[in-house]
1. What percentage of all Cα-Cα pairs in the stretch 231-312 are separated by more than 16 Å?
2. What distance in nm lies between label points placed 7 Å from Cα along the C-beta direction at Ser450 and Ile272?
3. Where does each of 66-76, 486-496, 246-256 land if you order them by average Cβ count within 10 Å, highest first?
4. Rounded, prolate or oblate, given the Cα gyration tensor of the stretch 147-248, with a/c below 1.5 counting as rounded?
5. At most 12 other Cβ atoms within 10 Å and a DSSP loop assignment: could you name the trypsin sites (Lys or Arg not before Pro) in the stretch 491-526 that fit?
6. Below 15 angstrom from the Cβ of Glu275, what's the summed charge of the other residues (Lys, Arg +1; Asp, Glu -1)?
7. Mind listing the long-range amide H neighbours of Tyr466? Cut-off is under 5 Å, sequence gap 5 or more, other chains count too, H placed in the peptide plane at 1.01 Å from N.
8. So how do 138-149, 455-466 stack up, highest first, on mean other-Cβ count within 10 Å?
Amino acid sequence: MLYSLPVLIERACSPSRFDPNLAVNIEICETINKKQGSAPRIAAQAIVRLVNSTRSNQAMLALTLLDNCVKNCGYPFHLQIASKEFLNALVRRFPERPPARYAPNPVQSAPENQWNHFDYVPPQQFLANPVMDRILYLIKEWKVALAELSRYKDDMHHIKDMYKLLKFKGYQFPELRDSSVAALAPTEALKSALELEEEDRIAKAAKLQELIRRGRPQDLVEANKLMKIMTGYDQKHQTNFKEKFAEELHKIQNKARLLYEMLDNMKKGDKIDEEGTMEELKNACESSLPKIKNMLKEEEDSEKLELLNEVKTIIKGVILKYQDVKNGNYDTEYDISGKFKSDSFSNAPPQAISLIDLDDEVNDLSDSPSPPAGSKQPQHPIDELSDIFGVKANVTHTTNTGADPFDLLSQSIQKNTLPESPNLSKTCSPSSSPIMISSPKPKPNTVQKSIDLINKNGLVVRLDVYSSSPTYKMKAYYSNKSTAPMDKMTLLLAAPKTMNLKMSPVSSDSVPPKSDSMVTQSITIDNPSQDNLRLRYKVTYEQFGVEMEQTGVYHEN
């Protein structure tokens, strides 16, 4: 026997009941989804009327049914509970100010208060006003999940207004449970282009009907615009659902890559947080795998088939890696090849040869003792040039402060040779060139110490200190141990007020994958009081389109 929607609602919220009838509640949700049209509005009005019942058990049953409808009937029902009319009716029995001894339940997860979230109605009251407490909980839940996280949050602004109004009047909202918010928040499951189009059509139809029902001039103008979009007359604002599906597929792909990078950077003994980011990423990838398999059976376009197969392979590899790490195997590797894995980044580009050393590098910050006699000396540029012409010149490098090089050159032009000088030693073989040049001895770089500032999630930032008293002169070297580039790299440092910090621009804002010290940045810190070095750092970058951030503090021992 088929019952009408109001009859079913009366039956589910019968005053003779003290526990909810979940079978009837689900039947009501299915009826609303099947009928659509005015069904969400009729159901919302009937439920909110029972919420204001003088019988506490009937009001609690109505609130449980309302929670089930919100979580199962989608945007058409959300549009009704976000209206001013519904929200005002929901709090109609609230006093202007909260009762003097009223306070919401602070611990919502306590066993005796489980009714405050889902489907258990207590036979007696545990709080001063359980109905009021449950309404406050639902309003806060809608504010977080619908007015802040929903795709249609612009249509839910009245929920935020009601939340602010009640808070202004002095009402205290209970703490939310993550599980209840997650049940209402938009899912990250992958949807095909047809499913996205159908969801959009249902949402636009519900909004159009609500705008026409209100009948205000501004509502009718908006309804006219919406009808043009729905009928295809307004092509400018049409949504390309194939492109939207491709974006959703790339999001899943990037999440899988990010999860693999996080798993790959875990060391022996590290544990996966069961309620952390990695678990969420793994659930999102795992839930999309059956959908991708079904799409592979139905899809005929070769390009889309190739993309789907690629994403499927990546997700399978990531899930296997996740299971290995769970079982304590940290060294396994799986193929997650794609656009971010490229051999072009594996080898550093060849550095250009500088024939003239101006001796003005930032690294040349301090003198150091001369190398031992057996060490190999760097070849002078003139020696390299003389080799090109087949003549070997033996040049002795000494410092000459008294002779003017320009005078030597002018004398050599007249005499066709260089003049004798006490500071120059001429040791040429019979076949060598008569040219002798005295040049300063280059200062080798001396690293006093290296500071491992950051080493996490594949990013390594090392500070090489070349001078520390009274001024710290150092250079930061960025390394990327992961298989994906790190873009928009930014390092922020803060030092005590007694120190003056200066940072030059980074050599590149993108750190290639599998690179070692390819990106550099010079840093100078004036330390007149010669205190121990203290730094607070913050590094931000993007990887797989996800913004990453690392912060910390360094103290010199």
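None of the figures in this text is laboratory data; all of them are computed from the coordinates on show. Nothing here was measured: the structure is a model prediction, and the numbers come from that model. Virtual Cβ from ideal backbone geometry, glycine too; neighbours counted across all protein chains shown.
1. I get 62 percent for the Cα pairs in the stretch 231-312 exceeding 16 Å.
2. Label at Ser450, label at Ile272, 3.3 nm between them.
3. Result, highest mean Cβ count within 10 Å first: 66-76, 246-256, 486-496.
4. Because a/c hits 1.5 or more and a/b fails to exceed b/c, the stretch 147-248 counts as oblate.
5. Listed in order of number, the matching sites are Lys497.
6. -1
7. Residues meeting the criterion, in which the H sits 1.01 Å from N, are Gln448, Lys473, Met474, Lys475.
8. Top of the packing list down: 138-149, 455-466.
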